[in-house]
Amino acid sequence: MAEPLFLTDLVLAFVLAVTGGLLGRRAGRSQAQPGSAQREERQRPLVLYVTAGVVAARLAVAVLLLATSGWQLVGHRFLLGLPVVVLPLVWALVRRTAVAAHTTAIGAWLSFYFLYVPPGPQDLPIAVGASAIVLATTIGISLLLGDRRSRGGRLARLPWLSLVASVVTAAALGSLFLVSESESMDWGGGPERTGHSVHAMGHRHGAEAPAMRSVDELTGPREGTPDARFTLTAAHSTVRLSSGRKIDALTFNGTSPGPELRVKQGQLVEVTLVNKDVAEGVTLHWHGVDVPNAEDGVPGITQNPVRPGERHVYRFIPDRTGTYWYHTHRDSERTVERGLFGALIVEDGQQGVQRNVFTHLWPGGGKDQIGAFGTADTAERRAIPAGSPVVLRLINSSKEPHRILLGGTPFRVTAHDGNPIGEPGELKPGTDLFLAAGGRYDVAFTMPDGAVTLRLDTSEIPNKAGLAFSPDGRAAPAELQPGRLFDRLSYGSRTGPKPEGGPYQRTFNLVLDNGFGFTGGSFTYTDTINGRLSPAVPTLMVHEGDRVRIRITARGIIDHPMHLHGHRVRVLSRNGEAVSGSAWWTDTLNVAPGESYELDFTADNPGVWMDHCHNFEHAESGMIMHLAYDDVTTPYHGPAH
Ligand code: C2O
Ligand code: CU
């Protein structure tokens, strides 16, 4: 519901900008004639009524959005985007003066501007203040022009007034994008960083400044013989898809997906990363495993990228069982897509035939993407004996969410992002799973006599991928139609102790949006966090032991799979509806257009952590923020994705 309304509003705001311009022009003309600004016009200006109609339509959209998605999503429209035009418009309708019309024109442009360059919640007061100043200035200039109509003349005919005011506003607010680095940004009333060190103010339980630690000190166990030891060598190679298509790929140990790393909870794991010839540099990030900060594999924060010919050793003890994955974190928009990823399974006691199924989009040249299960981009057949328990570990290694269709058997979702689900109920065949980019679902069923089919929904990315499991391995994948969507909110039941709630020492309000901004030196329509792009997105500052609550809302028109490193996050509610099933733990939460989530977690893993959109394209264009502990600093710098 939200998405079409967002789009409608974008169009309406554009129309409003045009009618606003016409209104300003008309007001200028009338001002240029004798009688001046205060004179009421006799005729009924059509353009004013058209403007009023468009504004009314925008109001209706906002009310509909409010009714369907809530205040989180539209609050800023009622507080800023609409008043800037509604108030002058009412004035212009009541008193048909050129001054009122001018002000309405500027208001329309402001309203347009705030929809296309939406300010984050922390910038709302500034934006309201700036708008008031711009509107007041407009009134002043318009009065001045009206009084000196000899000078008004040609100049006043043009909507130049709007132009000047808008450029000024744009410059003022646009500069917010450029405001320094995240280090200098500060959450209202919260902590503050000085130079390269971090300290909290007005919040800490103790009073004196904490002793600072470097990321480098926060390693896994450096001593001791590892229980599991692996070497992953990153290198250029060719990957052959089932269609025969060859991908100019990057691989770990010659394959992509890379080798499965299977370990046990509590074991000391040691992985040596070797970069043979990947010029971009490589790191290993253990997606979903809350390793100590120095083992997290984020270039520019926890280590330097591993250059060709170099190596790096990671040591950590996985503390939870489940399905995880590893991938490089360097230039990830291109290098993960080209193959630098693999499964990391921390044995969880699930029995039977186990398969890791990556949903991946391979680069097909240009904008082309080839949807596949692992390397299977066509119909594939596999044998599994009838009656066997089967566990499919679905891992989304692509940058897009996938709707996965599963037919041929009832099944259960036994784990989500590595977290077991309490009392998972049986789902009908034909129940679709929506898997966030970076997310995982474990799916379990008993192999029937017939075939079980997996497919990727083709509506967003056309693909021919299809996986069929059958007792003799000969059945072709069935054609499947999208069915009902699995709802995580109500699935399973809560087992075990009630998770800890508040009180919360920290609350963060995050708004994901679309807006124009500067990214990588160019001006584009992109994805923002609180109206800003990395590195200007404020850092989330915490103190070790804090209970942290986050509200995250997607006001834009695109899905954002938000991934916090180093911490497992619990979903409390979605659009105000509380989680009623099994506790919903996640590391990668897809926030769809119009969705608003309440989350919480405990700050129990000190470090400087990435919190970013796992659509690598969005991350690259600036959808990155950090979670930093007030006593940790990092000696590294450079791009972190
Ligand atoms: Cu799976 Cu920062 O990424
Ligand atoms: Cu995103």
Along the positive direction of the dipole of the chain (beta-carbon charges: Lys, Arg +1; Asp, Glu -1; about the Cα centre), which of Y597, L124, V313 reaches farthest? L124
Divide by every residue of the chain the summed helix terms, -39500 (n - 2.57) for each DSSP H run of at least 4, and state the resulting mean residue ellipticity at 222 nm, rounded to the nearest 500 deg cm²/dmol. -8000 deg cm²/dmol
Computed over the chain, the convex hull of the Cα set has an average projected area, in nm², of 31.2 nm²
For T431, which sequence-distant residues (separation of 5 or more, or a different chain) have an amide H within less than 5 Å of its own amide H, given hydrogens modelled in the peptide plane? L406
State the Cα centre-to-centre distance between region 578-629 and region 444-511 in whole Å. 20 Å
Please report the carbon-and-sulfur percent of the accessible area for the chain; probe 1.4 Å, protein heavy atoms only, DNA, RNA and ligands left out. 56 percent
Using a 1.4 angstrom probe and counting only protein chains, how large is the accessible area of V63 in Å², to 10? 80 Å²
Rank E598, E223 by accessible area, highest first, at a 1.4 Å probe radius? E223, E598
Region 218-349, dipole about Cα centre (Lys/Arg Cβ +1, Asp/Glu Cβ -1), debye to the nearest 20: 420 debye
Output row, site K498, 7 Å Cα→C-beta label point, backbone N cut-off 12 Å, window region 559-584, residues none
Exceeding the 20 Å Cα-Cα cut-off - candidates K246/K464; K367/K464; K399/K464; K264/K399; K428/K464: K264/K399; K428/K464
Hydrophobic long helices for the chain, i.e. whole DSSP H runs reaching 15 angstrom or more by Cα along the axis with Kyte-Doolittle mean at least -0.5, come out as 2-32, 46-69, 83-94, 98-116, 124-147, 160-178
How much length is gained on full extension from S243 to T446, taking 0.36 nm per residue of separation minus their Cα-Cα distance? 70.1 nm
If you place +1 on the Cβ of every Lys and Arg and -1 on the Cβ of every Asp and Glu, how big does the dipole about the Cα centre of region 353-486 come out, in debye to the nearest 20? 120 debye
Heads up, I need the accessible area for T507: 1.4 angstrom probe, whole protein in place, Å², nearest 10. 80 Å²
Per-residue SASA entry for R307, accessible area with 1.4 Å probe, Å² rounded to 10: 100 Å²
Roughly speaking, what is the centre-to-centre gap between region 275-326 and region 78-134 when only Cα atoms are used, to the nearest Å? 49 Å
Scoring only Lys, Arg, Asp and Glu (+1, +1, -1, -1) among other residues with Cβ under 9 Å from the Cβ of L394 yields +1
Which part of region 332-353 falls in the paramagnetic zone of R262, meaning amide N under 19 Å from the point 7 Å along Cα-to-beta-carbon? 342-353
Using a Förster radius of 41 Å, what is the FRET efficiency between A379 and Q505 based on their Cβ-Cβ separation? Nearest 0.05, please. 0.15
If amide H atoms are modeled at 1.01 Å from N in the peptide plane, then the residues at a separation of 5 or more from T633, or on another chain, having amide H under 5 Å from its own are R213, S214, V215
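The values are calculated or read from the model by the stated rules, or taken from the named source; none is laboratory data. Only a predicted model underlies this, so the values are computations on that prediction, with no experimental measurement involved. Cβ: placed from backbone, ideal geometry, glycine included. Neighbour counts: every protein chain shown. For the accessible areas, the whole protein counts, side chains as well, though only heavy atoms, and no ligand, DNA or RNA atoms are used. Shrake-Rupley method; radii C 1.70, N 1.55, O 1.52, S 1.80 Å.
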